[in-house]
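Everything on this sheet refers to the single structure shown next.
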Amino acid sequence: MIWSRKYQLEEFAPFQKDTLLEALGIELTEIGDDYLVGTMPVDERTRQPFGILHGGASVALAETLGSVAAGMIIDMNQFIAVGLDVNANHLRPVANGEVVGVAKPILIGKKTQVWEIKISDASTGKLSCISRLTMAILPRNKN
């Protein structure tokens, strides 16, 4: 297991209230030994004007999963994980239903982490978006 400790999904619920996660319907659904899974609906909150999943919504799901996963690895009393760079390739449109994102580490370093997030159409399993997120690990300011 790559996490700093064993986490339960219920621990994350309080951090979702009144955030972008709540607004977009993003939910964390599974914690594996070396991956994190989340879902997001494809509906009026996440579609672009042409009726398909908005690329920005896909990036929001990707950055959410990678950021949460990065935080699960470090000692959050001493460090914080902040996004440094995110990119995404939108491969296939999704018009409705739900997408599933899976975040897996590419690099877990002391000062940086790099995550790959694959987002698929939940009904077909077809890959919709692939994203890479680089996180900076910074000392927590203790004021």
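Derivation of every value follows stated rules applied to the coordinates shown; laboratory data play no part. Computed from a predicted structure; not experimentally measured. When we count neighbours, we look across all protein chains shown, and the Cβ atoms used for this are built from the backbone with ideal geometry, even at glycine.
Here are Val68, Val99: which of them is part of a strand (DSSP E or B) and surrounded by 19 or more Cβ atoms within 10 Å (Cβ to Cβ)?
Working: Val68 fails: part of a strand (DSSP E or B).
None of the others qualify; the one that does is Val99.
When the residues of segment 1-27 are filtered to those that are in contact (Cβ under 8 Å) with a residue 24 or more places away in the chain and among the hydroxyl-bearing types (Ser, Thr, Tyr), the one that is surrounded by the fewest Cβ atoms within 10 Å (Cβ to Cβ) is Ser4. The residue list Ile106, Ile130, Ile119, Ile137 contains one member that is in a strand (DSSP E or B), in contact with a Lys or Arg (Cβ under 8 Å, 6 or more places away or on another chain) and touching a residue at least 60 places away in the same chain (Cβ under 8 Å), which is Ile137. Taking segment 121-139 as the range and being hydroxyl-bearing (Ser, Thr, Tyr) and either over 18 Å from Asn87 (Cβ atoms) or over 15 Å from the mean Cα position of the chain (by Cα) (or both) as the test, the residues that pass are Ser123, Thr124.
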